[in-house]
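A.B. asks: For reference, the structure I am asking about is given below.
The values are calculated or read from the model by the stated rules, or taken from the named source; none is laboratory data. Because the structure is a prediction, the values reported are computed rather than measured. Quick reminder, even Gly has a Cβ in these numbers, built from the backbone with ideal geometry, and neighbours come from all protein chains shown.
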Amino acid sequence: MNNCIFCKIIAGEIPSAKIYEDDLVYAFLDISPINKGHVLVIPKEHHESSSTIPEATAGRMFRVGSRIGIALRRKMDYDAFNLHLADGAAAGQVVMHAHLHVVPRGVEDGFRWNWRQLKYADGELAATAETLSKRLAEDLEKGE
Ligand code: AMP
Ligand code: ZN
């Protein structure tokens, strides 16, 4: 039995304010928005992590999300938008059905991401890039 709240929204068992739907994705208003008009775009198929979403669906999520961002700018008078996806609890994922946030932004909306800027030690940046790119190449070769 699937107890996922977003699967229930797609099935119509829990109400939502739908913005868009097609064969692969469903988009609806976030109930506790950063700014009004904040939308969530989700795959219709249940995936906890963004990494297992098929490429066509992931591409559609990004395409629909960015078009919703443009609609927010043109029709709701926002200046810009953020696309945000939290993958894993430590990254802030609370609902374990992958979702792309479309957050409408205004020049003076009073919201800050608090994006810190750490510094690498000597050689650390190159070593990090090497480790990460090797691991990625291995995983992609295995089809993971
Ligand atoms: P995250 O922290 O990235 O997992 O975001 C989960 C988001 O889902 C939060 O921004 C919540 O406000 C939103 N949310 C949770 N339940 C609902 C619901 N029933 N309808 C709309 N949005 C929801
Ligand atoms: Zn689900």
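A.B. asks: Going by the conditions given, is Asp77 within 16 Å of ligand 2 (Cβ to nearest atom), outside any helix (DSSP H, G or I) and loosely packed, with under 14 Cβ neighbours inside 10 Å?
C.D. replies: Spelling it out, it is not the case that Asp77 is within 16 Å of ligand 2 (Cβ to nearest atom), outside any helix (DSSP H, G or I) and loosely packed, with under 14 Cβ neighbours inside 10 Å.
A.B. asks: Another one. For residues that are at pLDDT 95 or above and of a type in the set (S, T, N, Q), tally how many sit in the range 87-116.
C.D. replies: The number of residues fulfilling the criteria is 1.
A.B. asks: Still on this model: Within the range 20-42, count every residue that is in contact (Cβ under 8 Å) with a residue 60 or more places away in the chain and among the polar types (S, T, N, Q).
C.D. replies: Counting residues in the range 20-42 that are in contact (Cβ under 8 Å) with a residue 60 or more places away in the chain and among the polar types (S, T, N, Q) gives 1.
A.B. asks: Collect the residues in the range 20-70 that are surrounded by fewer than 20 Cβ atoms within 10 Å (Cβ to Cβ), within 11 Å of ligand 1 (Cβ to nearest atom) and part of a strand (DSSP E or B), keeping them in residue-number order.
C.D. replies: Within the range 20-70, Leu29 is the sole residue that qualifies.
A.B. asks: While we're on this one: So Arg116 ticks every box in (1) part of a loop (DSSP other than H, G, I, E, B); (2) within 12 Å of the chain's Cα centre (by Cα) but one. Which box is left unticked?
C.D. replies: (2)
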